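The values are calculated or read from the model by the stated rules, or taken from the named source; none is laboratory data. It should be emphasised that the depicted structure is a prediction, and the values quoted were computed from it without experimental measurement. With ideal geometry, Cβ positions are generated from the backbone for all residues, glycine too; neighbour counts draw on all protein chains shown. Ligands, DNA and RNA are stripped out before the accessible areas are found, and what is left, the full protein with its side chains, is counted by its heavy atoms. Shrake-Rupley method; radii C 1.70, N 1.55, O 1.52, S 1.80 Å.
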Amino acid sequence: MLMINSPAELEACRKDILSKRDPKKPCITLCSGSACHATGSEKVARAIELEVKNHGLDVEVDIRRTGCHGFCEKGPIVVIYPEGICYLKVQPEDVCEIISHTFKEKKIVERLLYCDPNTGEKATFEHDIPFYKNQERLVLGLNRKIDPKSFEDYMAVGGYQALSKALFEMTPEEVIGEVKGANLRGRGGAGFPSGLKWEMARNAPGDVKYVIVNCDEGDPGAYMDRSLMEGNPFAVLEGLMIGAYAIGAREGYVYVRQEYPLAVSNLAEAMKQATRHGLLGKNILGSGFDFTVKVHCGAGAFICGEETSLLMSLEGKAGEPNPRPPFPATKGLWGKPTNINNVETWANIPLVINKGAAAFSALGTEVSKGTKIFSLVGKVNNTGLVEVPMGIPLRDIIYKIGGGVPGGKKFKAVQTGGPSGGCIPEALLDIKVDFEELTKAGAMMGSGGMIVMDEDTCMVDISRYFLEFLSDESCGKCTPCREGIRRMLRILTDMTTGKGKEGDLELLEELAETTKGASLCALGKGSPNPVLSTMHYFREEYEAHIVHKRCPSLSCKELINYVIDPEKCKACGSCFRQCPAEAIHGGKKMIHEVIQEKCTKCGTCLEACPARFGAVKKISGEPVPAPLSEAQRTMA
Amino acid sequence: MDIGRIDQVIDKHDGEASSLIQILLEIQSENHWLPKEALDRVSERLQVPMSRIQHITTFYKAFSQVPKGRHEIHVCVGTACHVRGAQRVLEALEDATGLKPGETDVELKFSLETVNCLGCCALGPVMVVDGEYHGNVAPAKSAEVLKNYE
Ligand SMILES: Cc1cc2nc3c(=O)[nH]c(=O)nc-3n(C[C@H](O)[C@H](O)[C@H](O)COP(=O)(O)O)c2cc1C
Ligand code: FES
């Protein structure tokens with residue numbers, strides 16, 4: 001069936017697709033998001049196709065390339081249906097065994113199963129793996145069931161039901177009422193109630209209106225928008241169309257950052273197929289509603305994620321922000337009423353319409369409803385995307401789902417909210433994660449980046465890092481942001497290089513206040529947050545840098561030295577051979593020494609030294625021991 | 001890149017001035033940089049003043065007005081990669097290529113760039129060479145990767 005012209009035809013088409021599918025038929029799925037490309041999923045895919053053919057199974061077994069499952073640390077992930085056997089970190093050489101064992105002999109390949117790092121217990125199925133078990137994957141969950149480039153797959157999981165319901169059973173006002181009732185808040189940053197925003201755009205005078213998907217995802221460390229756009233573009237489009245209908249728009253734009261080529265191509269393919277089936281274009285499902293979408297690529301500017309800058313960029317100009325009001329809802333793209341939402345926000349819309357406001361808002365806290373996808377990354381065992389109900393304790397995300405900090409290191413902080421967010425210390429890990437609680441803790445929800453830091457991460461360096469990022473990305477239009485960030489950055493750079501002075505902290509606080517108050521857009525206004533939150537919770541680290549020229553995390557290069565413990569050195573020569581700067585004084589049966597004048601502090605020696613000796617160490621804020629004499633260096 | 005090809009790109013976007021950024025992105029991605037002749041042509045065909053084109057090409061990081069190497073190295077210095085040691089990876093690559101971020105060597109072999117996040121944060125540190133992703137790269141391994149490129 002090509003064109004689908006009515007809700008009845010939509011359901012007939014779905015029935016037809018489902019009737020041709022046997023849920024008991026073996027199917028082998030492989031995740032194929034960007035991250036898995038990095039871990040070799042392309043080669044695994046080819047190996048699977050080849051093996052399946054070689055075993056003459058092409059008719060009996062389906063192969064499906066899905067989007068990102070979220071457990072990127074363990075990718076590429078192969079799931080075998082109908083059983084749901086989950087194999088992790090699959091490499092091309094494993095494929096032969098998977099096919100012959102699991103398909104032919106119905107046996108499990110034990111070594112590819114999830115293995116609990118603490119108990120050593122294996123888990124055969126996805127739902128037994130702690131990473132997945134503690135999630136509520138209402139939005140992200142579909143990613144693993146469908147091929148993002150298959151209209152039929154999307155139909156098979158209930159695609160376009162929400163659109164059909166909205167177009168035929170609801171007035172635009174009722175759609176807005178449902179979104180308001182669900183209390184859905186924007187997932188892109190500020191958490192503004194989406195229904196209210198839609199209503200403003202609907203009520204704004206004008207015939208021509210626009211809807212926009214913000215997939216600029218500039219927050220470094222967050223990638224849920226990429227995964228949704230790559231893994232389930234149909235759902236984002238469906239949400240967008242429902243919004244367009246509610247607001248009275250006939251045209252939409254998707255603004256994707258150019259660093260996401262796979263998202264762009266999967267989206268383009270989804271649009272092509274939707275158009276072919278009449279689910280984009282004129283008179284959709286025979287409802288009289290017309291809708292078309294254009295894709296616009298960003299060109300590498302963080303500020304373009306901010307909505308007024310995004311609009312400038314869409315118009316083909318430099319993405320400099322404009323003061324609000326006027327809000328885009330009244331005066332947006334080409335001066336017309338425009339509604340901009342984040343990718344994840346749009347992806348929630350079909351859910352809201354299908355489930356209804358009451359069911360949707362059953363999950364979550366008083367002020368934050370539904371689920372939120374976080375990108376749990378940094379110093380945590382199970383890195384990946386996690387979708388959890390709003391209100392879950394932060395500790396559960398990091399420990400129950402994330403499996404804690406690797407390598408026996410101590411947790412120090414978790415950074416949320418990106419460059420305008422803040423760092424949350426251990427003492428606050430029991431807070432419930434929602435918009436208000438995170439803000440109260442001095443951080444924010446932002447787009448959902450959650451970067452875990454351990455004892456080796458220096459908090460002064462982190463705040464310097466964010467300011468460096470922001471000074472690079474500040475568009476320079478307003479002085480408080482441009483100069484404020486630059487001056488704060490200079491002070492922090494001084495601190496991390498041993499040039500901090502008394503009074504710096506007070507000066508930083510003063511600059512932070514000014515920049516916060518006087519900047520034009522939220523980039524500048526939020527820029528002091530990482531500084532203020534780390535100064536609040538980790539003031540002693542700042543003081544150590546300023547007063548004692550010591551980096552307690554042994555991370556700031558200018559403040560540390562590498563030294564070799566003469567008691568522990570076994571003269572194995574590892575560090576000597578690997579040092580790229582020839583800064584090791586070696587010799588057979590001679591205690592090795594770091595030549596401080598030559599040392600570039602690259603850390604190679606520390607890694608080269610066998611763990612059983614552990615002779616190389618970093619020191620900070622204490623004098624380097626005097627070089628040994630030849631006699632002292634000679635081993636007995 | 002010849003004028004004919006540039007015209008094709010412009011025609012694909014119906015010669016719309018509002019598509020300026022998209023047109024420049026396509027030229028950049030095909031040619032790896034934006035030669036003056038190309039910009040002149042775009043300015044002429046879209047009837048957009050050169051000053052605006054210059055503003056755009058300097059505002060957005062994706063554009064380069066100098067030739068790039070045959071192989072483009074992108075090192076992620078996003079937050080997730082930063083806390084996992086991206087700085088050391090960058091330094092190793094600087095050593096191996098003799099380049100600082102933003103530079104291209106005289107033989108036009110490599111260009112070294114930093115990016116703020118590639119969306120593969122779970123695998124940090126991440127580097128990309130000519131569109132091929134490498135995750136969890138240690139400093140020594142990152143320099144090793146370059147040996148595969150001529
Ligand atoms: C500096 C800055 C960067 C932003 N980057 C993004 C982004 O990458 N993606 C996004 O969806 N929103 C971003 N926002 C928020 C947008 O301005 C806007 O509020 C959001 O797209 C609205 O969608 P929502 O209501 O669905 O969250 C950014 C805001 C600022 C100030
Ligand atoms: S922070 Fe490096 S890929 Fe996201």
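Before moving on, here are some points about what is shown:
- Counting only DSSP beta bridges with both residues in chain B, the antiparallel share comes to about 55 percent.
- If both residues of a DSSP beta bridge must be in the protein assembly as shown, then about 60% of such bridges are antiparallel.
- Counted charge near residue A:55, where neighbours are those whose Cβ lies closer than 13 Å (Asp, Glu -1; Lys, Arg +1): -4
- FRET efficiency, residue A:6 to residue A:456 (Cβ-Cβ, R0 56 Å, nearest 0.05): 0.40
- Chain-alone versus full-assembly comparison, the range B:111-125, residues with accessible loss of at least 40 Å² (1.4 Å probe): B:116, B:117, B:119, B:121, B:122, B:123
- A simple spin-label model places the labels of residue A:440 and residue A:133 3.0 nm from each other, with each point 7 Å out along Cα-to-Cβ.
- Derived scalar couplings ³J(HN,Hα) [the range A:198-212; Karplus, 6.51 cos²θ - 1.76 cosθ + 1.60; whole Hz; x for Gly, Pro]: 4, 5, 4, 5, 5, 7, 5, x, x, 8, 9, 9, 10, 10, 9
- Using the 1.4 Å probe convention, the accessible area of the protein assembly as shown works out to 40 Å² per residue with neighbouring protein chains retained.
- Positive-pole candidate from A:79, A:505, A:35, dipole of the protein assembly as shown, charges at beta carbon: A:79
- Contact order for chain A, expressed relative to its length and based on alpha carbon pairs under 8 Å spaced 6+ residues apart, stands at 11 percent.
- Length-normalised contact order for the range A:371-454 - Cα pairs under 8 Å, 6+ apart - percent: 37 percent
- Derived scalar couplings between HN and Hα for the range B:92-108 equal 4, 6, 4, 5, 5, 9, x, 10, 9, x, x, 9, 10, 6, 5, 7, 6 Hz in order, rounded to whole Hz, by the Karplus curve 6.51 cos²θ - 1.76 cosθ + 1.60 (θ = phi - 60°), x for Gly and Pro.
- Sum of -39500 (n - 2.57) over DSSP H runs of 4+, divided by residues of chain A (222 nm, nearest 500): -10500 deg cm²/dmol
- Accessible carbon and sulfur surface of chain A relative to its total accessible area, %, 1.4 Å: 53 percent
- Cα centroid of the range A:1-72 to Cα centroid of the range B:64-100, whole Å: 36 Å
- When both the range A:199-256 and the range B:44-63 are represented by their alpha-carbon centers, they are found 27 Å apart.
- Scaled to the globular estimate 2.2 N^0.38 Å, the Cα spread of the protein assembly as shown, given as radius of gyration, is 0.98.
- Qualifying trypsin sites (Lys or Arg not before Pro) in the range B:78-150, DSSP loop, other Cβ atoms within 10 Å at most 16: B:109, B:147
- Separation of the alpha carbons by more than 18 angstrom is noted, of A:568/A:617; A:516/A:549; A:598/B:109; A:379/A:409; A:89/A:122; A:133/A:440, for A:516/A:549; A:598/B:109; A:133/A:440.
- Neighbours of residue A:610 by Cβ distance under 11 Å: Lys/Arg scored +1, Asp/Glu scored -1, total +2.
- Accessible area buried at the B-A interface, both sides summed, 1.4 Å probe (Å², nearest 100): 3400 Å²
- Inter-label distance, residue B:36 to residue A:89: 5.5 nm, where each label sits 7 Å from its Cα along the C-beta direction.
- Net charge of neighbours whose Cβ lies under 14 Å from the Cβ of residue A:363, counting Lys and Arg as +1 and Asp and Glu as -1: +2
- Cβ-Cβ distance of residue A:156 and residue A:589, R₀ of 56 Å, FRET efficiency by 1/(1 + (r/R0)^6): the value works out to about 0.20.
- Computed over the range A:527-587: relative contact order in percent, which uses C-alpha pairs under 8 Å that are six or more apart: 15 percent
- Proximal lysines relative to residue A:197, as straight alpha-carbon distance under 18 Å, when same-chain residues fewer than 8 apart are discounted: A:180, A:209, A:331, A:336, A:369
- Amide H contacts under 5 Å for residue A:571, placed H, 5+ residues apart: A:592
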